[in-house]
Every structure is written in structure tokens, then in C-alpha cells.
Amino acid sequence: MRSKEKLHILILNHYAGSPKMGMEFRPYYLAREWIKMGHQVTIMAGDYSHLRIENRKPEKDFQKEIIDGVRYCWVRTGVYKGNGVKRAFTMFRFVEKLWKNAQQIADIMKPDVVITSSTYPLDTYAGQRIAKGAGAKLIHEVHDMWPATLVELGGMKRTNLFVMLIQAAEDSAYQNSDYVVSLPPCAKEYMIRHGMKEDKFVNIQNGVVLEEWEEGQPIPEEHRRLLISLKEKGKFIVGYFGGHALSNALDGLLDAAKEMKTPEIAFVLVGDGVEKPGLMERVGKEGIENVYFLDPVCKPCVGDLLKYFDCSYIGSKDSPLYRFGLTANKMYDSMMAGKPLICAVNAAGCAVETYECGIMVKSGKTEDICRAIERMCHMSVEERDEMGKRGEEAVKQYFTYEALAQQFEKLF
């Protein structure tokens with residue numbers, strides 16, 4: 001196939017959403033770029049996802065809908081809560097329906113490229129069958145390292161039947177796809193050990209949508225008043241935005257705030273999550289006076305929010321999974337905003353280090369986090385601006401969805 005031909009690209013992603021529906025956004029953003037290039041794109045997704053704000057309720061399987069020019073095809077999988085058995089059943093239901101109807105999908109849709117892109121790798125079986133039936137190229141895209149995530153983060157045993165099924169699917173995807181696109185930048189050697197040929201590996205990370213940054217939306221007035229007030233008091237604002245979950249290790253940031261000896265430093269945490277009430281309670285009980293909490297903002301507001309931060313903070317609990325790299329969306333957003341980062345994550349191949357747009361420290365090391373924040377605070381404005389500029393230039397060159405879609409198109 002020649003890349004200049006108009007191709008039909010079929011994406012299999014159980015949890016695919018849109019900006020209006022909610023996460024996950026990557027399939028939607030890539031699809032829009034490919035459509036601009038002249039290709040046709042269909043996203044085949046489950047009707048329910050825990051990641052979405054708004055879910056679909058199709059009357060039948062494979063019901064179609066056009067969203068912003070992107071064709072979605074909905075598969076009825078059922079509703080679930082949490083990460084228990086019911087969620088696993090919806091995975092099997094999604095894959096089973098695609099697998100049973102694979103030849104019909106191939107005959108009707110006639111895809112030139114099939115991309116298997118769900119968080120879990122089970123969709124490779126359906127993808128392989130559809131691609132074979134259509135004579136299409138097969139690309140497997142890896143978002144999270146399953147089953148490593150289940151074992152190393154979730155505490156499941158490798159002998160668990162579900163883990164073994166996921167492992168078999170992962171190996172099959174690596175062995176039978178034309179290319180393996182990995183968001184984690186340092187997963188190549190692991191994938192080779194599981195059967196992938198070296199020349200199949202392609203690293204295409206997350207990114208930003210330039211139009212969203214150009215249009216944007218203002219932050220709520222409550223947020224603006226607090227941030228302006230801190231600025232008027234001469235505060236240096238260390239900002240965090242995103243989920244307040246255990247994995248984000250925000251207790252470590254509060255430890256640093258409590259130990260901080262520089263009075264002009266203020267910490268602003270924007271977002272929500274199961275850990276937020278406990279974090280707020282701790283600040284009150286321990287009298288940590290330099291920490292402020294704000295409600296989450298919508299994605300188009302992130303650019304305006306970051307204008308008020310002097311630096312952006314990303315942290316995590318120490319996990320062996322970070323040996324594969326860090327691809328957090330908030331990292332690319334902060335870089336795009338030209339804000340220097342303090343990254344307390346034990347991550348390999350991190351863009352913060354690669355493009356020298358921030359300071360890397362070990363996760364969970366309060367003294368090191370304090371030292372990094374104080375160093376950032378005492379830099380000249382010009383030094384911080386230069387650091388932030390390096391991140392912004394890197395994003396504009398390598399991590400816009402236009403650039404990511406072009407990298408993908410070379411594989412087609």
C-alpha cells in the first residue's frame with residue numbers, strides 16, 4: 001500500500017471516547033488527523049467505559065454514529081463498576097463479538113489498516129482475524145503494560161487464570177502484528193523477550209492538540225481569584241493538576257510543603273479523586289498553611305490554568321512499571337505551556353530529562369523534592385523561562401497529534 005492512497009483505518013479500542021464523552025481521547029485525536037490527511041477512520045468501541053463522563057446506549061451491536069467526522073461503531077458490552085469480575089466479563093464480551101463477526105466486519109468495512117488499541121491486549125485475536133480476512137496491515141498499540149500492571153501494581157499472581165490469558169494475548173500481539181506501537185518509550189527489550197521482532201517496535205507517545213491550546217477556555221473565577229491573590233503576595237506557585245489518587249503520591253508533595261523552609265513558596269493542587277478528602281483533612285490537622293486545593297478544570301482550561309503556575313509538579317509512588325517510561329498527559333501539557341517541571345518519578349527515558357525542561361528527582365524522597373523546588377524558586381526568571389521553552393519546542397516538534405498521526409501514517 002502507498003501512503004498517499006486514501007485508506008480505511010479501523011481502530012479497535014474498547015474505551016475510546018471523545019472530548020465531549022470523556023476519556024480516552026487518543027483514538028479520537030488520531031482519527032481526526034488521519035481524516036484531514038484524506039483517510040477514512042472507524043473506531044469500534046464498547047458502549048460503556050468507566051473512563052467516560054457520558055456513555056452511549058445503542059439499540060443493537062455495531063450501531064454507527066458520526067462524531068466530529070469520525071465514524072464510531074458501538075458494541076454492547078454491559079455496565080460494570082470498579083475493576084472486578086464484571087469489568088473482565090465486558091472485555092471478553094467485546095472481544096468475542098468482534099471475533100465472531102470478524103469476517104463480516106472485514107467484508108463490509110474493507111479496512112486497509114487494523115489497529116488494536118484497547119488497554120488490555122485481548123483485542124489482538126479479533127484484530128488478527130479481521131486483518132487476515134481483509135488483507136489489511138495489523139498494528140498493535142500498547143497503552144499500559146498488561147499483564148505487568150496487573151502483577152506489579154495490582155498484586156495479582158502470574159498463575160492467576162486471567163493474568164495467564166492476558167499474557168498469552170500479549171505474546172500473540174507481539175508475534176503476529178506487522179508493527180507494535182508503544183506509548184512507553186523503554187518497552188522494546190521487554191517486548192522482544194515476549195516474541196516481538198526488533199524491527200517491529202515503534203515508540204509513538206502521547207501529545208497535545210494545538211487547536212485546543214489556541215482556542216482554550218478561561219479557568220473559573222474562584223480559581224482565578226485565589227491564584228491572582230497568591231501572585232499579589234509574591235508567592236512562587238508550585239502547581240499540580242490531575243487525579244488525586246494513591247498512584248500520584250500527593251502525600252509526598254504535602255510532606256515537602258510541610259518541610260519547606262522558603263516562605264514564599266505556595267502549593268496549589270487542582271483536581272479531584274478518592275484521596276482528596278484525606279489530603280485536605282491532613283492539611284487542616286497538621287496546620288500546613290502553604291497548600292491550597294481547587295476543583296478540577298475541564299481540558300480546554302488547562303492552558304489558562306498553567307499560566308499562573310511558576311512550575312508544574314508530577315509525582316508517583318515508586319513502581320517497577322516506570323522502567324518502561326512515563327507518558328502522563330499532564331507532562332506534555334506542562335511542556336506545551338512552557339512551564340518547567342519537577343518530576344518525582346523513577347522513570348526511564350523521561351521527556352523531562354531528554355529535553356532538559358525540568359528537574360528529575362527520586363519518587364518519595366521528601367528532602368530531594370524540597371531541594372528541587374527551592375532550586376527552581378531561586379532560579380532567575382530567565383533560567384526558568386529557558387527551561388520551559390525547551391519543553392514547549394519539543395512538544396511542538398514531536399508531540400502534537402498532527403506529528404503523532406504522521407508517524408503512524410508511515411507505518412500504513
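Here the condition is being over 28 Å from residue 260 (Cα atoms), among the acidic types (Asp, Glu) and open to solvent by 30 Å² or more (accessible area, probe 1.4 Å); of 382, 356, 402, 367, it holds for 402 alone. Only residues that are in a helix (DSSP H, G or I) and closer than 30 Å to residue 184 by Cβ were counted in the range 279-303, giving 6.
Scanning the range 93-119 for residues that are part of a helix (DSSP H, G or I), out of contact with any helix residue (DSSP H, G or I) (no Cβ under 8 Å at 6 or more places or on another chain) and either touching a residue at least 60 places away in the same chain (Cβ under 8 Å) or open to solvent by less than 80 Å² (accessible area, probe 1.4 Å) (or both) returns a single hit, 97. Quick check on my filter: what residues within the range 149-179 are modelled with pLDDT under 95 and small (Gly, Ala, Ser)? Hits for the range 149-179 are 154, 155. For the residues 240, 190, the requirement of being open to solvent by less than 60 Å² (accessible area, probe 1.4 Å) and assigned to a helix (DSSP H, G or I) singles out 190.
Within the set of pairs 6+ apart or on separate chains, which have a first residue in the range 392-405 that is of a type in the set (Val, Ile, Thr), a second that is surrounded by fewer than 17 Cβ atoms within 10 Å (Cβ to Cβ) and at pLDDT below 95, and C-beta atoms under 8 Å apart? Close Cβ pairs (under 8 Å, with a partner that is surrounded by fewer than 17 Cβ atoms within 10 Å (Cβ to Cβ) and at pLDDT below 95) amount to 400/210. If you go through the range 335-353 and keep only what is open to solvent by 20 Å² or more (accessible area, probe 1.4 Å), in a loop (DSSP other than H, G, I, E, B) and of a type outside the set (A, V, I, L, M, F, W, C), you end up with 339, 346, 349.
Pairs linking a residue in the range 347-362 that is modelled with pLDDT of 95 or more to a residue that is open to solvent by 60 Å² or more (accessible area, probe 1.4 Å) and of a type in the set (Asp, Glu), with Cβ atoms under 6 Å and 6 or more positions apart or on different chains, are 360/353. Selection within the range 19-33: residues that are buried (at least 22 other Cβ atoms within 10 Å of the Cβ) and touching a strand residue (DSSP E or B) at 6+ places or on another chain (Cβ under 6 Å). The member of this set that is nearest to residue 402 (Cα to Cα) is 31. Residues that are buried (at least 22 other Cβ atoms within 10 Å of the Cβ) and either outside any helix (DSSP H, G or I) or small (Gly, Ala, Ser) (or both) are absent from the range 54-68 altogether.
Of all residues in the range 304-323, those being open to solvent by 10 Å² or more (accessible area, probe 1.4 Å) and either assigned to a helix (DSSP H, G or I) or without any contact (Cβ under 8 Å) to a residue 40 or more places away in the chain (or both) number 6. Among the residues of the range 376-401, how many are under 30 Å from residue 11 (Cβ atoms), touching a Lys or Arg at 6+ places or on another chain (Cβ under 8 Å) and not small (Gly, Ala, Ser)? The total comes to 1.
The values are calculated or read from the model by the stated rules, or taken from the named source; none is laboratory data. This structure is a prediction, so every number in the text was calculated from the model and none was measured. With ideal geometry, Cβ positions are generated from the backbone for all residues, glycine too; neighbour counts draw on all protein chains shown. Please note that ligands, DNA and RNA were not included when accessible areas were found on the heavy atoms of the full protein model with its side chains. Shrake-Rupley method; radii C 1.70, N 1.55, O 1.52, S 1.80 Å.
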